[in-house]
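So the structure is just underneath, and the comments pick up after that.
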Amino acid sequence: MSSTPLELPPALAVPPASSRRSLSRDLLVLVRPHQWLKNLLVVPLPLVAPAAWTPASVARLAVAVVVFTLASALVYIGNDIADRERDRSHPVKCGRPIAAGHVSVALAVALGCALTGVLATLLVLVVPRLAWPVAGYLVLNVLYSTWLKHVPLLDLFAVVLGFELRIVTGYRAVDVTPSTWLLLCVFFLCLMLILGKRRRELEDSGATHRPALAGYSPGLIDQMLTLSAGLTAVAFLFFLSRTPPASDFDDLATLLLTPLGLFGLFRYLQILAVHRAGGDPVRALLRDRAIVLTALLTAALLAALVVTGHVAGAGWLP
């Protein structure tokens, strides 16, 4: 009798532990965990309202972040499936799991279906009031992946609207009416960040990877960046000037917040023009100590004012 060990068919063979770990890592990379920080936009602006400072509201905000994280993961999976052929010719995106062949399309679809089931369960059973902004975000991204991302200018506004829907989701989670000027400020700020990303893409790979870049030029993007930065500053100043005061220190807070906001804008423009970074806005912002420190100081000052207004019962912000 032969002593040759029995060999299992490939379909039944158990992969080694290192392969299982590698696949788990690839699936995690597929849903872009470093981009999940964008979903924290659901949180800070609604918390500016004193009415949102309750345990129940904070819990609903946490669920809203989870919901949008699931929704954005679905979008990333769909984009990578649709763009896998184009990504293979990109110097950086060729390393994405599907484009590199580390994750099959079938496995990516299965993961997307599982995440869809979890997302639908949360929206139906836990936070039904968030259904329409999340559904709008998903529909917007389907349109973006199939059409809008190929149309110059429209591609910018589609991405920015995705950020605005995150913020609206946060406000709906705590049942607070958002400030129009604050939403406009975020809109212009996000538009500036997306323009910075397009600026780097145009210089790094041109229109070969992203066809919509054929409708841009460095000069046009620079003009739109300048306009967006100016509109961001104006909207922020209108927000500060048109909100009811919370305390006797309101004027001082305005004087402090204004230069902090302008410094943050100028620093980002410096990153784009001088350091030639910004291809990934999230990483560019988080890795810059000056911007991180400015954001922390601004958040601390806003938090102090909100607490002061809440204690005084004044309601400085809507």
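The values are calculated or read from the model by the stated rules, or taken from the named source; none is laboratory data. As the structure is a computational prediction, the values presented were derived from the model and not from experiment. Quick reminder, even Gly has a Cβ in these numbers, built from the backbone with ideal geometry, and neighbours come from all protein chains shown. For accessibility, only protein heavy atoms count, side chains too; no ligands or nucleic acids. Shrake-Rupley method; radii C 1.70, N 1.55, O 1.52, S 1.80 Å.
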On the full set of protein chains, 1.4 Å probe, figure out the accessible area of THR116 and give it in Å² to the nearest 10. 70 Å²
At a Cα cut-off below 13 Å, give the aspartates and glutamates reachable from LYS93, other chains included and same-chain residues fewer than 8 away excluded. ASP80, ASP83, GLU85, GLU201, ASP204, ASP280
Here the gain from full extension of ARG289 to GLN270, 0.36 nm per residue of separation minus their alpha-carbon distance, amounts to 5.5 nm
For segment 68-141, place one equal point scatterer on every Cα, skip the solvent, and apply the Debye formula. What is log10 of I(q)/I(0) at q = 0.12, 0.19 Å⁻¹? -0.38, -0.78
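Net charge near THR180: determine it from the other residues with C-beta under 15 Å of the C-beta of THR180, scoring Lys and Arg +1 and Asp and Glu -1. Can you show the working numbers first?
Details: positive: ARG242; negative: GLU164.
Net of charged neighbours comes to 0.
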With a 1.4 Å probe and all protein chains kept in place, how much accessible area does TRP132 have, in Å² rounded to the nearest 10? 140 Å²
Starting at 0 and stepping by 10 Å, how many percent of the alpha carbon pairs of segment 96-174 end up in each bin? 16, 35, 36, 13, 0
Leaving ligands, DNA and RNA out of it, rank ASP251, ASP87 by accessible area with a 1.4 Å probe, largest first. ASP251, ASP87
